[in-house]
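Each remark here refers to the structure printed beneath this line.
The values are calculated or read from the model by the stated rules, or taken from the named source; none is laboratory data. Since the structure is predicted, the reported quantities are computational estimates derived from the model, not experimental observations. Neighbour counts are summed over all protein chains in view; Cβ atoms, including those assigned to glycine, are modelled from backbone coordinates with ideal geometry. Ligands, DNA and RNA are excluded from the accessible area calculation, which covers all protein heavy atoms including side chains. Shrake-Rupley method; radii C 1.70, N 1.55, O 1.52, S 1.80 Å.
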Amino acid sequence: MSKAILFIFSGLPAVGKSTLASFVAKEFGAIYLRIDTIEQGLKDLCRISVEGEGYRLAYRIASDNLQLSNNVVADSCNPIELTRKEWEEVAAKKSCRFLNIEIVCSDKSEHKQRAEQRISTVENMTIPTWDDIENREYHKWEKDHITIDTAGKTIEQCKTELKTKITNSLSLKRGNQAHKDIDILKKVILQRLCYTKLVYDRINRKLNLRFSPQEIEGFIADIIERTDETHFLQKGKNYYITNNAECIRITVNSFTYRVITADKIKG
């Protein structure tokens, strides 16, 4: 089962954030969490003055769904470094992937017009004024993230651009993660190169060698180091490491990470 993804949206009101966040939720089969709805619900039902409670509650709901391998879209202004870090921690604690997506409107007059014509889709919520938006604390992003500038574009154009950027970003992350995972696997196997006499004898017999235990460990370690990550395969309870240049396939127990045997293969 693939790991769930937390899509972390950010952006000022009236830039088109919720429209695009809703689109991503549908497109990627994600649970949709909107901070505006959560905060207004707390105000209406609990009669409290909401500050950070909406975010804290959303973190918990998101965490539960990531645990169930459900993708989650977090639709919030997410204006400061603290909330951005906290959202990322929600994903990290569940060993899930996350994508930061910022929606902006670079045309100030267009942004203002949207803000003034905006109609609330959350019951009882008061729409922020243009002055509210201009004076809102909003930190500049300092790390890599997806940015969609909605100024001068149709909704469909923005959706297409966002979907493309998300797909490309996820492909890159999968590639990087796969490379990282193989590197870790190599290190673990190399740290556990501790064979029994039975394994030493088996490797010598199957590869037609007469190596000492120390020579076998060095030989096997060298092959593992030089084998490309694309030739590491997990099947059933074992890993199979195939080095076509040496015509050797090494079998490793996926629970103990110990080498079980090595076989000659056709070149």
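Residue-wise test of (1) outside any helix (DSSP H, G or I); (2) among the polar types (S, T, N, Q); (3) open to solvent by 40 Å² or more (accessible area, probe 1.4 Å).
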| residue | (1), (2), (3) |
| --- | --- |
| 3 | yes, no, yes |
| 18 | no, yes, no |
| 36 | no, no, yes |
| 43 | no, no, yes |
| 49 | yes, yes, yes |
| 54 | no, no, no |
| 58 | no, no, no |
| 84 | no, no, no |
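In region 222-236, is there at least one residue being at pLDDT 95 or above and among the acidic types (Asp, Glu)?
From region 222-236, those at pLDDT 95 or above are none; that's our starting set.
No, every residue in region 222-236 fails to be at pLDDT 95 or above and among the acidic types (Asp, Glu).
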>> Can you say whether residue 83 is touching a residue at least 12 places away in the same chain (Cβ under 8 Å) and closer than 19 Å to residue 37 by Cα, as far as the supplied structure shows?
In response: yes
Going through region 135-156 in order, the residues found to be over 13 Å from residue 14 (Cα atoms) and of a type in the set (Gly, Ala, Ser) are 152
Okay, strands (runs of 3 or more DSSP E) sitting entirely in region 156-267 with 3 or more residues that are surrounded by 13 or more Cβ atoms within 10 Å (Cβ to Cβ) and of a type outside the set (Phe, Trp, Tyr), I get 238-243, 248-253, 259-264
Among residues of region 96-129 being open to solvent by less than 80 Å² (accessible area, probe 1.4 Å), touching a helix residue (DSSP H, G or I) at 6+ places or on another chain (Cβ under 8 Å) and of a type in the set (S, T, N, Q), the residue nearest to residue 30 (Cα to Cα) is 100
The lone condition residue 212 fails out of (1) at pLDDT 90 or above; (2) of a type outside the set (Val, Ile, Thr); (3) under 19 Å from residue 246 (Cα atoms) is (3)
Buried (at least 21 other Cβ atoms within 10 Å of the Cβ), farther than 24 Å from residue 3 by Cβ and within 24 Å of the chain's Cα centre (by Cα) - does that describe any residue in region 60-81?
yes
